[in-house]
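Just below is one structure, and these are the notes that go with it.
The values are calculated or read from the model by the stated rules, or taken from the named source; none is laboratory data. What you see is a predicted model; the values in this text were computed from it and never measured. No Cβ is skipped: glycine too gets one built from the backbone with ideal geometry, and neighbour counts run over all protein chains shown.
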Amino acid sequence: MAMNRERKVKVLTESEFQEFMIVMGYRYNEKSKTAFNTFMGFHCLIGFGISENRYTLRLGCTPKSTEDILSVLEELNDFHDEHKDYIVKYSFKKTYISMELKKTIDSDIDKEQLRAVVHLITVLCKSERLAPICRVCSRQRKTGVYVVGSEMMPICDACVGRKRRLYEKRRDLFEKKQQHMAAGIVGAVFGATLGAMMNILMYQLCPLKGVWSIFIIVLCFCGFVVTGKRATKKSGVICAAISSVIFVLSEYAAMVLETAIGIERDGGHILISESIDITNSVLSDPANLASFAPEIAAGLLVILATGIVYFLKRMLTRPMKISKNLL
């Protein structure tokens with residue numbers, strides 16, 4: 001038992017991985033947590049990975065012919081069969097070879113299998129069946145190794161120039177915009193109110209109640225950006241909070257309206273104040289209140305999901321700073 005516990009501790013740490021890759025002739029970039037090596041125009045990248053249990057290998061390349069595709073794929077299949085306890089999965093596409101490598105329990109075994117993978121990639125690059133390519137434009141051009149954001153990738157000079165110009169242009173535009181928080185909040189409230197009106201309308205027309213809160217959060221974001229000029233993480237939290245409050249109020253207003261419409265449809269006549277009293281009495285019953293809870297929860301989840309998607313989109317589409325050539 002003691003020996004088993006001792007073996008389980010023997011997993012390559014990042015520093016051990018770094019030292020081992022340097023011994024293998026690779027260089028290591030701490031920002032991207034990636035080891036890289038360059039030979040014959042190819043750039044092999046092996047990332048320590050976000051997951052503590054995986055390495056990620058990537059080689060930017062393209063096969064020179066259909067026969068080369070089949071030949072390389074067969075070699076990868078055979079290698080995977082020999083090392084399937086170490087290679088979680090692999091893929092060979094038109095623009096890259098990728099592998100997910102598992103960190104085994106024993107670091108000595110780990111090193112031997114990693115050494116075998118490195119040797120395989122070297123053999124494939126020297127076989128003249130593959131050609132190195134740019135990660136961005138996928139063309140066969142001379143490339144350097146750059147860190148874009150926190151990701152390392154091989155990129156040609158033309159793509160590097162375009163990325164840098166785009167980054168500088170958008171950075172300048174962003175810095176010129178000054179955020180007006182007060183105006184942004186007013187715009188967000190106005191946009192959310194318009195969304196609330198649409199939510200109330202859809203409440204009467206469509207049974208998918210709750211999900212129409214998407215109108216509220218989208219128009220809230222639009223209102224903030226138009227009047228506040230610049231959106232940040234803080235403004236995103238504010239918009240989500242405003243949308244949640246206005247959504248709950250709009251659901252209440254929709255219930256009041258639905259009660260009034262129902263009575264009018266039956267031939268009766270009711271004042272808004274009376275409809276509010278009836279709605280309050282209905283909601284005062286815990287059983288009735290519980291029946292509305294899933295609807296409210298669904299709307300709030302839609303608001304949360306839309307907010308997350310909005311900021312992920314901003315994160316993915318914003319230009320990322322590109323480093324100097326690491327070679």
* To do: Among the candidates TYR96, TYR146, single out the residue that is surrounded by 15 or more Cβ atoms within 10 Å (Cβ to Cβ) and free of Cβ contacts under 8 Å to residues at least 40 places away in the same chain.
  => TYR96
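Does SER98 fit the bill of being under 28 Å from the mean Cα position of the chain (by Cα), farther than 17 Å from ALA35 by Cβ and assigned by TED's automatic domain parsing to the domain that holds MET24?
The answer is no for SER98.
For (1) outside the structural domain of GLU295 (by TED's automatic domain parsing); (2) of a type in the set (A, V, I, L, M, F, W, C); (3) loosely packed, with under 15 Cβ neighbours inside 10 Å, each residue gets a yes or a no:
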| position | (1), (2), (3) |
| --- | --- |
| GLU128 | yes, no, yes |
| ILE133 | yes, yes, no |
| SER150 | yes, no, yes |
| VAL160 | yes, yes, no |
| ALA188 | no, yes, no |
| ALA192 | no, yes, no |
| ASN199 | no, no, no |
* Counting only residues that are within 18 Å of LEU12 (Cα to Cα) and assigned to a strand (DSSP E or B), which one in the range 47-91 is modelled with the lowest pLDDT? -> ARG54
* Elements of type strands (runs of 3 or more DSSP E) in the range 124-172, at least 3 residues being of a type outside the set (Asp, Glu) and under 26 Å from the mean Cα position of the chain (by Cα) -> 143-148, 151-156
* Asked: Would a scan of the range 217-229 turn up a residue that is of a type outside the set (S, T, N, Q), modelled with pLDDT under 75 and within 26 Å of the chain's Cα centre (by Cα)?
  -> yes
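Table: residues versus (1) touching a Pro at 6+ places or on another chain (Cβ under 6 Å); (2) of a type outside the set (A, V, I, L, M); (3) surrounded by fewer than 19 Cβ atoms within 10 Å (Cβ to Cβ).
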residue: PHE42; (1), (2), (3): yes, yes, no
residue: SER71; (1), (2), (3): no, yes, yes
residue: GLU75; (1), (2), (3): no, yes, yes
residue: ASP85; (1), (2), (3): no, yes, yes
residue: LYS103; (1), (2), (3): no, yes, no
residue: ASP110; (1), (2), (3): no, yes, no
residue: VAL123; (1), (2), (3): no, no, yes
